[in-house]
Amino acid sequence: MKRRSFLQLAAGAAALPLAPHIARAQAYPAHPIRLIVGFPAGGQVDITARLTAQALGEALGQTMVVENKPGAGGNLGAQAVINAAPDGYTLFFAAASNTVNTTLFANLPYDFARDTAPVGTINRIPLVLEVNPAFETKTVAGFVAYAKANPGKLSVGSPSAGTPPYLCVDLLKMMAGIDMVHVPYVGENQMVTDLLGGQLMAAVGGISSGIGHIKAGKLTALGVTTAARASELPDVPTIADTIPGFEASGWSGIVAPKNTPKDVVDRLAAAIGVLQADAKFKQRLSEFGAPLFALSPEAFGKFIVEETEKWGKVVKFAGLKPQ
C-alpha cells in the first residue's frame, strides 16, 4: 500500500507542471480583452478593428473592448501593447504603418517585429486618390497635369505619418515628377471632413473611410493604389494605368506582446480562423472597402519582416522624416 501511494503521489507531482498550462488553455479568455487601436475613431483602421472586435468577441465567448491610443503614426498604441503583460488580455490591431515606422522614426524604444507575437491578419486596405467634386479634373492624368501646371499649389492630405497613404503621397510625387504640398492629418476622420468641406481638394486614404461619400457623389475617386482594380470600386481605374508600376496598399492584423503563451496565441488564432471562414464577416469587411486577408501566425510573422524591409527601402529612397 505504501508503494502504491508513493507511485500515485509521484505521478501527481509529475503532472503538476502541466496543470497551469491546461488551466490557462481552458480558462482563456476569462474576462474582457482590450484591443488597442493606434489611430483615432472613425478612420480606416478603427472601422475594421471595431467590426473585428465584435465578431472575434463572439467567437471567443468574451467581450472585446476597443481602446483608441492615437499618436505618432500608431507608435503609441504599439508601445502600450508591447509594454503590457503577455497574457492575451491586451492585444493590438496592427497596421502597415507599424512596419513603416521601424525606418521612418529614429530611436524607437522597441522593434515591432521582434517585440510582438503575431496572431493573425484580418484584411487588406486598398487606398484611393480622392478629390472634392469641385476639383477641375476627374482623372489621374488630369490630376498630374494640374499639379505640373501649378507646382507647389495643390495640397494633398493623408492620415498620419508612417501610414501607407502618407507614403503614397510621396510615392506619387516621386513617380509622377510633381510638386505638391503634403498635408498629413492625425487621422482620416478630420481629413475626410476637410475634403468634403473643400478646405482640402485632394487626399489619399483608405477606401473604407471614403467609400460611402464616393458612392453618394460627395467625393470623386480618381484611382486606386492597388495593382488591380478594387472590387469595392470596380469602375475606378488604378493609378498604375496612368503611372506604370505604381502600387501600394495597407493591411491590418492582430498581434500580442512578445512571450504571450503559445496556447493563448493558438486560441486567438483559431478564433480569427473562424472569422476568416465566415462569409458574412468577409462581406461586412468588403462593404467597408477592407477585403479579407488571411495568414497564419507563422506566415504573419514572416510578412511583418518582409513589409518592414519593403517600406524601409521606400522611406530611405524618398528621404522621408516623421512630421
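Nothing charged except the Cβ atoms of Lys and Arg (+1) and of Asp and Glu (-1): what's the magnitude of the dipole of region 127-241 about its Cα centre? Round to the nearest 20 debye.
Details: 7 positive and 9 negative charges, 27 e Å.
Taking the Cα centre of region 127-241 as origin, the dipole is about 120 debye.
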Inset, instruction - State, to one decimal in nm², a quarter of the convex hull surface area for the C-alpha atoms of region 44-110, i.e. the direction-averaged projected area. - result: 4.8
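Need the full-extension length gain, Ser231 to Phe105, defined as separation in residues times 0.36 nm minus the C-alpha distance. One decimal, nm. Can you show the working numbers first?
Values: separation 126, 0.36 × 126 = 45.36 nm, distance 3.37 nm.
Stretched out fully, the Ser231 to Phe105 stretch lengthens by 42.0 nm.
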Inset, instruction - With an 8 Å cut-off on Cα pairs and a minimum separation of 6 or more residues, tell me the relative contact order of region 205-247 in percent. - result: 29
Legend entry - Structure-derived P(r) over Cα pairs in 20 Å bins from 0, in percent: which label, when the choices are (i) 34, 58, 8, 0; (ii) 31, 57, 12; (iii) 32, 51, 13, 4, 1: (iii)
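Taking every eigenvalue of the Cα gyration tensor of region 127-241, multiplying by 5 and rooting it, what semi-axes result, largest first, whole Å?
Values: eigenvalues 63, 52, 41 Å².
Three semi-axes, in Å: 18, 16, 14.
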Inset, instruction - Only helical DSSP H runs with n ≥ 4 go in: add -39500 (n - 2.57) per run for the chain, normalise by residue count and round the 222 nm mean residue ellipticity to 500 deg cm²/dmol. - result: -14500 deg cm²/dmol
Legend entry - Distance in nm between pseudo-label sites at Asp263 and Ala85 (7 Å out along the Cβ direction from Cα): 1.7
Inset, instruction - Report the charge-dipole magnitude of the chain in Debye, nearest 20, computed about the Cα centre from +1 at each Lys and Arg Cβ and -1 at each Asp and Glu Cβ. - result: 880
Legend entry - GluC sites (Glu not before Pro), loop per DSSP, at most 16 other Cβ atoms within 10 Å - longest free stretch of the chain: 1-135
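Take the residue pairs Lys69/Lys218; Lys282/Lys316; Lys69/Lys302; Lys153/Lys321; Lys262/Lys302 and return only those whose Cα atoms are more than 24 Å apart. List each step's numbers first, then the result.
Numbers: Lys69/Lys218 30 Å; Lys282/Lys316 36 Å; Lys69/Lys302 26 Å; Lys153/Lys321 22 Å; Lys262/Lys302 17 Å.
Over 24 Å apart, Cα to Cα: Lys69/Lys218; Lys282/Lys316; Lys69/Lys302.
Taken together, the values in this text are just the output of simple stated rules run on the coordinates, not laboratory data. These figures come from a predicted structure and were not determined experimentally. Using ideal geometry, Cβ is built from the backbone for each residue, glycine included, and neighbour counts are taken over all protein chains shown.
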